[in-house]
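Below: the structure, in structure tokens.
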Ligand code: AHM
Ligand code: MG
């Protein structure tokens, strides 16, 4: 068994960047352990349910959304590495410390799929890490292709973390001693994809090109449909088994649902490192110039041979 700590010791080249990023991975993992402990302990059931307010996206905030946000923020404040945090649950950028040694920016969805909490369906946390470009924060500079590390956790039958760093995608599972141990040190998308994943209740609200694309996926005898409704769970399944995930824009509103900075970009980096492709708004997701921190984009990602660049 190789623990996360062993893995870090074996794979760090002791450069400043390796030391910093592995420390960030380690701190995020500690936050994920804290959240797992809350999720898997029945005595904490009073921490579940709606908090009462709505977030900037108009969604009802779950108590756990806020608990998870604060758990990760505490680690980032202590790290002395993080300058600013952009978070699904925070209206504005949270500046932690502009000291020059704090040179990383984190974008996070601290609890993805939170509407699935009450029904015991898998949920997750998503993170993208960028090196700070300049003293003034200029969002346009933070395109997805500049991420130095992307990571997620899936809280399902067990807790698994996956990260893309140094051109590899690795996964670790939380064991019975509350320690992350290595599952796979080089995840690559399988060559025979199994699934297409989308919310087909939106069919009438898709453009004709998306409808035709999904019609073709449905006809493909090698594919079957799976859809959880927690982005991380849908993504993780398709990363391991192969497939395509899509959450297109709605035809009438011309708007999409998923967020560029802390959902689409981190997962795009992971899928592309694993050999796949990701498109948003008719472009490669990671080449999109961000316009605002909570910007929503269409998302189509998965195996290169079945994924299509549509909106
Ligand atoms: P959130 O729970 O962080 O607000 O995430 C939004 C969720 C994603 O996890 C999931 O992929 C998507 O909303 C589901 O969208 P839809 O309702 O269109 O199926
Ligand atoms: Mg989310």
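Compute the angle between helix 63-79 and the longest alpha-carbon principal axis of the chain, please, reported from 0 to 90 degrees and rounded to the nearest 10.
Value to nearest ten degrees: 50.
So what is the relative contact order for the chain, in percent, with contacts set as C-alpha pairs under 8 Å and at least six apart?
Numbers: 643 pairs, mean separation 47.6, N = 311.
Here the relative contact order equals 15 percent.
Is segment 177-217 best put as rounded, prolate or oblate by its Cα gyration tensor, with a ≥ b ≥ c the root eigenvalues, rounded for a/c under 1.5, and otherwise prolate when a/b is larger than b/c, oblate when not?
Details: a/c = 4.95, a/b = 2.34, b/c = 2.12.
Judged from the Cα gyration tensor, segment 177-217 comes out prolate (a/c at least 1.5, a/b above b/c).
Just want to confirm a number: the relative contact order over segment 4-184, from Cα pairs under 8 angstrom separated by 6+ residues, in percent. Walk me through the numbers before you get to the answer.
Values: 288 pairs, mean separation 26.7, N = 181.
RCO, segment 4-184: 15 percent.
For segment 7-113, place one equal point scatterer on every Cα, skip the solvent, and apply the Debye formula. What is log10 of I(q)/I(0) at q = 0.15, 0.19, 0.22, 0.23 Å⁻¹?
-0.71, -1.00, -1.19, -1.24
Could you list 280, 253 so that the one with the fewest beta carbons within 10 Å of its beta carbon is first and the one with the most is last? Walk me through the numbers before you get to the answer.
Working: 280 29, 253 8.
In order of increasing Cβ crowding within 10 Å: 253, 280.
Sorted from fewest to most neighbouring beta carbons within 10 Å, what does the list 130, 206 look like?
Details: 130 24, 206 21.
In order of increasing Cβ crowding within 10 Å: 206, 130.
Can you give the angle from 0 to 90° between the axis of helix 208-219 and the longest principal axis of the chain, with both taken from C-alpha atoms, to the nearest 10?
Orientation of helix 208-219: about 90 degrees from the principal axis.
Taking all pairs of different Cα atoms in segment 4-184, averaging 1/r and flipping that mean, what Kirkwood radius in angstroms comes out? Walk me through the numbers on the way to the answer.
Numbers: mean 1/r = 0.0590 Å⁻¹.
Answer for segment 4-184: a Kirkwood hydrodynamic radius of 17.0 Å.
Determine, for 22, 235, the number of other Cβ atoms within 10 Å of each Cβ, and report the residues in order from fewest to most.
22, 235
Between the helical axis of 231-241 and the dominant principal axis of the chain, each derived from Cα atoms, what acute angle in degrees is found, rounded to the nearest 10?
80
Quick one: which of 106-112, 240-246, 223-229 comes out on top by average Cβ neighbours within 10 Å, and what's the full order, highest first?
Values: 106-112: 28.3, 240-246: 22.4, 223-229: 15.6.
The peptides rank, most packed first, as 106-112, 240-246, 223-229.
Could you list the square roots of 5 times each eigenvalue of the Cα gyration tensor of segment 77-159, that is, the equivalent ellipsoid semi-axes, sorted largest first and rounded to whole Å?
Details: eigenvalues 149, 31, 29 Å².
With the √(5λ) rule applied to segment 77-159, the semi-axes are 27, 12, 12 Å.
Between residue 200 and residue 227, what is 0.36 nm times their sequence separation minus the Cα-Cα distance? Round to one decimal in nm. Provide the component values of the computation, followed by the final result.
Details: separation 27, 0.36 × 27 = 9.72 nm, distance 0.93 nm.
Working it through step by step, the gained length comes to 8.8 nm.
Just to be sure I understand: if I project the alpha-carbon convex hull of segment 195-303 onto a plane and average over all orientations, what area do I get in nm²? All intermediate terms of the calculation are to be shown ahead of the outcome.
Values: hull surface 25.9 nm².
Convex hull of Cα atoms, orientation-averaged projection: 6.5 nm².
When the convex hull of the Cα atoms of the chain is projected onto a plane and the area is averaged over all directions, what value comes out in nm²? Mind showing how you got there, number by number?
Details: hull surface 62.4 nm².
Reported value for the Cα convex hull: 15.6 nm².
Suppose only helical runs count, i.e. DSSP H with n ≥ 4. What mean residue ellipticity at 222 nm does that imply for the chain under -39500 (n - 2.57) per run, divided by all residues and rounded to the nearest 500 deg cm²/dmol?
Value at 222 nm, helices only: -8500 deg cm²/dmol.
Only the coordinates and a few stated rules stand behind these numbers; no lab work does. Values in this document were obtained by computation on a predicted structure and should not be read as measured data. Don't worry about glycine lacking a Cβ; one is built from the backbone with ideal geometry, like all the others, and counts go over all protein chains shown.
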